[in-house]
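Step one of this worksheet: look at the structure below.
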Number of protein chains: 2
Amino acid sequence: MAYSTNFSIEDLHFDNYGLIPAIAQDWLDGSILMLAWMNKESLIKTLETKNVHYWSRSRSEIWRKGATSGSIQLLKEIRFDCDNDAIVLSIEQKGSGACHTGEKSCFFNEIDNNVTNKKEKKNKPIL
Amino acid sequence: MAYSTNFSIEDLHFDNYGLIPAIAQDWLDGSILMLAWMNKESLIKTLETKNVHYWSRSRSEIWRKGATSGSIQLLKEIRFDCDNDAIVLSIEQKGSGACHTGEKSCFFNEIDNNVTNKKEKKNKPIL
């Protein structure tokens, strides 16, 4: 359940670098596409343009997602959490996907922590 | 698509505080329940016990989610992203929900950035 709220960007808690983590979630299937960072300016640009902007920590600049690749993200809904220090962006992903590798999601590396169970599952035929 | 990988915890990039952001996602409906932080020890405990452990930044201690509330999180799958600095936990949420407020998800505050569209949608009856 979501509640609309009288939002002020000043209510959000940005960290010591002026950043807040933002999770991009596919608006249709709910898959988590990426986690990136926003400063106030990138959040304001996102709200104003409905094109998701992040802060690039490696390049120290505002980054309109997909500006060079074409894999832009269109904002559908935005929420923040109970302690005001994280954001979820419900987005429509354009182009080839969210990840620079070409994958739809950046979270494609699975930690295989339960090999035995997985093998058992694979070997059990469905009768 | 997910790929199993030869995982070493040393491959992950922990920040200057020794932490990595971890997103807890409901394993059945894909909803994002919370974002919290892990250090190496909490990640190892999570993998070993299948009970999700975080690092509490406010209390500076390992925190087994639900230890006092009963709202524990059982690990189903765990993935990390393309630059090894964020984690997604696919979990079964027990108890009343992930949030200390009693909500299922901590992300219940919606930023109402498109009031006009929403009102239009509400006023259109389904015929």
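The values are calculated or read from the model by the stated rules, or taken from the named source; none is laboratory data. Keep in mind that what you see is a predicted model, and the values were worked out from it rather than measured. Quick reminder, even Gly has a Cβ in these numbers, built from the backbone with ideal geometry, and neighbours come from all protein chains shown.
Of note:
- The sole residue among A:Glu103, A:Glu48 that is more than 12 Å from the chain's Cα centre (by Cα), at pLDDT 95 or above and surrounded by 15 or more Cβ atoms within 10 Å (Cβ to Cβ) is A:Glu103.
- Each residue in the range A:71-97 was checked for being on the phi > 0 side of the Ramachandran plot and outside any loop (DSSP other than H, G, I, E, B), and 0 of them qualify.
- Search result, residues across the range B:20-68 that are of a type in the set (A, V, I, L, M), more than 11 Å from every other protein chain (Cβ to nearest Cβ) and either in contact with a helix residue (DSSP H, G or I) (Cβ under 7 Å, 6 or more places away or on another chain) or more than 16 Å from B:Gly97 (Cα to Cα) (or both): B:Met38, B:Val52, B:Ile62
- Among the residues of the range A:73-98, those that are surrounded by fewer than 17 Cβ atoms within 10 Å (Cβ to Cβ) and either of a type in the set (Lys, Arg) or free of Cβ contacts under 8 Å to residues at least 24 places away in the same chain (or both) comprise A:Lys76, A:Lys94.
- Only listed residue being more than 12 Å from the chain's Cα centre (by Cα) and either buried (at least 17 other Cβ atoms within 10 Å of the Cβ) or touching a residue at least 12 places away in the same chain (Cβ under 8 Å) (or both), chosen from A:Ser60, A:Ser42, A:Ser31: A:Ser42
- The set of residues from the range A:63-72 being surrounded by 16 or more Cβ atoms within 10 Å (Cβ to Cβ) and among the small types (Gly, Ala, Ser) comprises A:Gly66, A:Ser71.
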